[in-house]
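Any read-out appearing in this document is the output of simple, stated calculations on the displayed coordinates, not a laboratory observation. Computed from a prediction, not measured in an experiment: that's the story for all the values here. Note: ideal-geometry Cβ built from the backbone for every residue, glycine included; neighbour counts use all protein chains shown.
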Amino acid sequence: MLIDQVVPSSPAQRAGLAVGDVIAAVDGREVTRADEVVRAVQSHQVGQELKLQVLRDGAPRQITLATADAPTDAGKSSLASGSEGGPRDQYGLRMEDLSPQVARELGVRVSKGAVITEVEPGSPADHAGLSDGDVIVEVDRRPVAGASQVVAALKNGGTHLLRVEKGGSGAHFVTISPDK
């Protein structure tokens, strides 16, 4: 799971997690989705420690995180859409601009696009086979430079053709519709 935001003064920041880190395992269990990480953290009592296996700049790291009471805004990351009715609500996905560092971490050969940071289980994005770390490089056969262009293309709903880069396996096309 790619970390797209670290809340200031949060347990994640105190533990040393950084934007661009990829959480690969929690307490020895492999994780690939944000909801798996959230469930793993929530299964611990406040004050308990958990071990995170993290990839940073392509190198594995072990980070110990002590759980704490969540502030009221914890866990809310800014949506690429910036408003209700955006891709998160219609399609069940969050994304951010692809950076060179994240591209290296993910093993993709593209330099522009929108990296998916979260796919809601059971959502249209999930049904389309999208997952954290996929990079959207085209919407309806038009190249996109970042998340804001994807948001603009998807904001009116409907079915769209996405060209997606997956690390190591190259590009493939996916259709996504808010009705599925």
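So the values come out like this:
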item	result
Sorted by Cβ density within 10 Å, fewest first, the residues K166, K112	K112, K166
Cα gyration tensor category, rounded, prolate or oblate, for the range 91-152 with a/c compared to 1.5	oblate
Cα gyration tensor shape of the chain, rounded if a/c is under 1.5, else prolate or oblate by comparing a/b with b/c	prolate
Using θ = phi - 60° and Karplus 6.51 cos²θ - 1.76 cosθ + 1.60, couplings along the range 42-58 (whole Hz; Gly, Pro as x)	5, 6, 9, 7, 4, x, 6, 9, 9, 9, 10, 9, 10, 9, 9, 6, x
Anchor K51: aspartates and glutamates whose Cα lies under 15 Å away (excluding residues fewer than 8 positions away in-chain)	D21, D27, E30, E36
Karplus 3J(HN,Hα) series, Hz, for the range 23-37 with 6.51 cos²θ - 1.76 cosθ + 1.60 (x for Gly, Pro)	7, 9, 7, 10, 6, x, 9, 5, 10, 10, 10, 4, 5, 5, 5
Rough spin-label spacing in nm, given labels placed 7 Å along Cα→Cβ, for R29 and K155	3.9 nm
Placed amide H near D21: partners under 5 Å, 5+ positions off or other chain	I3
